[in-house]
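Contents: one structure, followed by commentary.
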Amino acid sequence: MISARETTKTTSFFAPRRELGRTGFIASVLGAGDLADRSLPLETCVATLRRAIDAGLNVVDTAPGYEDGYSEQIVGQAVKGVRERLFIVSKIDDLLAPVAPQIENSLRRLELEYTDAFVFHGLSDMATLEKLMAPGGGFDQLADCIKAGKTRFGGISSHNPDVLKVAIEAGLCDIAMFPVGPFVDERYITDTLPLCKARGVGSICFKTFGAGKLLGDTVGYNQPLQRRPRGKLSSGGVNDAVAVLPRLTVQECLHYTLTLDPDVALLGLSFPNEQDQAFAAAQTFRPLTAEAMVDIRTRAVEARQGKGPCWWNPDPEA
């Protein structure tokens, strides 16, 4: 196991590059997503996230449901002393429950007075969106929390381009979180990304590696080819797994996403070796040609075959 001391060794690679929608925050091209793993000591997870922050990443994503609050605890410890230069996003997991108590519980775990954003997590059903949009519903409650200083901005994360369209056009999103990568529903790229840019909505995009499906023989997040519960079990940060099925490289996947130009590409970065591969790929980025994009997208279709459903697409089996 890599020690916390070794984990903190890194170099500052990234500088803020672009305003995140209309928030006024200048974000780094990469962001650090959920890296919680209860099989590892808290101090190791904290040091791993701090390693990404020290490399210059300034957007940090978490949620109460990531390892039952462990992710928020990790983030809270990792951002001590540097909180003011970060954009911290957490989520409202129980979509139809009162919003304020959920935010208060998250802030307690984070040991923060406020986050930069809270978003409704996995809001992918139109009927649920309509309930949240109703007078006195979730969006009104979130607006009250913003007025109270518990968070600065709001929005949604979603696995449904139609839900994203309605929410963004209704002016409900300061930021939107959605899949962008070599294997996603094309509407995220052709419709959602341009709509975000047109409406001044910050785009924080995930699934660059297709939950690991595009990089190796896994149903998701470096797990074997078998169905499993949602709980995130990490790879252990090893490099010696041999993939038999078709796959893409970290560089191909990340360069594909960066060519599409979301405000932030949100990556897991759960281990130093994963961080190093992603950082190296980002450092060598040049926008891909149209021919290269088609080639990667075509091979991504092959690379995801036989690796379980892609729950981030409206048709998970497509």
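Residue by residue, here is whether (1) closer than 27 Å to VAL163 by Cα; (2) modelled with pLDDT of 90 or more; (3) in contact with a helix residue (DSSP H, G or I) (Cβ under 6 Å, 6 or more places away or on another chain) holds:
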{"site": "PRO224", "(1), (2), (3)": "no, no, no"}
{"site": "SER234", "(1), (2), (3)": "no, no, no"}
{"site": "LEU254", "(1), (2), (3)": "yes, yes, yes"}
{"site": "LEU258", "(1), (2), (3)": "yes, yes, no"}
{"site": "THR284", "(1), (2), (3)": "no, yes, no"}
{"site": "PRO309", "(1), (2), (3)": "yes, no, no"}
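As a summary of the residue check, ASN160 satisfies the conditions (1) among the polar types (S, T, N, Q); (2) more than 24 Å from LEU107 (Cα to Cα); (3) over 21 Å from the mean Cα position of the chain (by Cα) except for the one numbered (3).
For region 174-201, the set of residues classified as open to solvent by 10 Å² or more (accessible area, probe 1.4 Å), over 24 Å from LEU248 (Cα atoms) and either in contact (Cβ under 8 Å) with a residue 40 or more places away in the chain or under 16 Å from the mean Cα position of the chain (by Cα) (or both) consists of ASP174, GLY200, listed by residue number.
Look at PRO314 and say whether it is open to solvent by 70 Å² or more (accessible area, probe 1.4 Å) and modelled with pLDDT under 90.
No: the conditions fail for PRO314.
Applying the condition of being touching a residue at least 40 places away in the same chain (Cβ under 8 Å) and among the hydroxyl-bearing types (Ser, Thr, Tyr) to region 133-169 and asking which residue is nearest to CYS310 (Cα to Cα) yields SER157.
For region 19-43, what are the residues that are hydroxyl-bearing (Ser, Thr, Tyr), at pLDDT 95 or above and either open to solvent by 10 Å² or more (accessible area, probe 1.4 Å) or in contact with an Asp or Glu (Cβ under 9 Å, 6 or more places away or on another chain) (or both)? Don't jump to the end; show me each part of the working.
Just the residues of region 19-43 that are hydroxyl-bearing (Ser, Thr, Tyr), to begin with: 23, 28, 39.
Still in the list and also at pLDDT 95 or above: 23, 28.
Once the filter is applied, which keeps residues that are hydroxyl-bearing (Ser, Thr, Tyr), at pLDDT 95 or above and either open to solvent by 10 Å² or more (accessible area, probe 1.4 Å) or in contact with an Asp or Glu (Cβ under 9 Å, 6 or more places away or on another chain) (or both), region 19-43 yields only THR23.
Within region 287-310, track down each residue that is in a loop (DSSP other than H, G, I, E, B) and free of Cβ contacts under 8 Å to residues at least 24 places away in the same chain.
Residues satisfying the conditions are THR289, PRO309.
Return the residues of region 271-286 that are surrounded by 12 or more Cβ atoms within 10 Å (Cβ to Cβ) and not in a helix (DSSP H, G or I); say none if nothing qualifies.
The answer is PHE271, PHE285.
Scanning region 65-99 for residues that are surrounded by fewer than 22 Cβ atoms within 10 Å (Cβ to Cβ) and closer than 27 Å to LYS131 by Cβ gives GLY65, ASP68, GLY69, ASP93, ASP94, LEU95, LEU96, ALA97, PRO98. Of everything in region 100-136 that is among the acidic types (Asp, Glu) and open to solvent by 50 Å² or more (accessible area, probe 1.4 Å), the residue that is farthest from ALA27 (Cα to Cα) is GLU130.
Here GLY268 fulfils each of the conditions (1) within 21 Å of ARG187 (Cβ to Cβ); (2) of a type outside the set (A, V, I, L, M, F, W, C); (3) buried (at least 20 other Cβ atoms within 10 Å of the Cβ) apart from (1). Only one of the numbered conditions (1) farther than 28 Å from TYR70 by Cβ; (2) surrounded by 20 or more Cβ atoms within 10 Å (Cβ to Cβ) is not met by GLY155, and that is (1). For GLY171, the conditions (1) at pLDDT 95 or above; (2) outside any strand (DSSP E or B); (3) in contact with a Cys (Cβ under 7 Å, 6 or more places away or on another chain) all hold with the exception of (3).
The values are calculated or read from the model by the stated rules, or taken from the named source; none is laboratory data. All figures in this text were calculated on a predicted structure; none of them were measured in a lab. All Cβ positions, glycine included, derive from the backbone under ideal geometry; neighbour counts span all protein chains shown. Side chains are part of the model used for accessible areas, which takes the heavy atoms of the whole protein and leaves out ligands, DNA and RNA. Shrake-Rupley method; radii C 1.70, N 1.55, O 1.52, S 1.80 Å.
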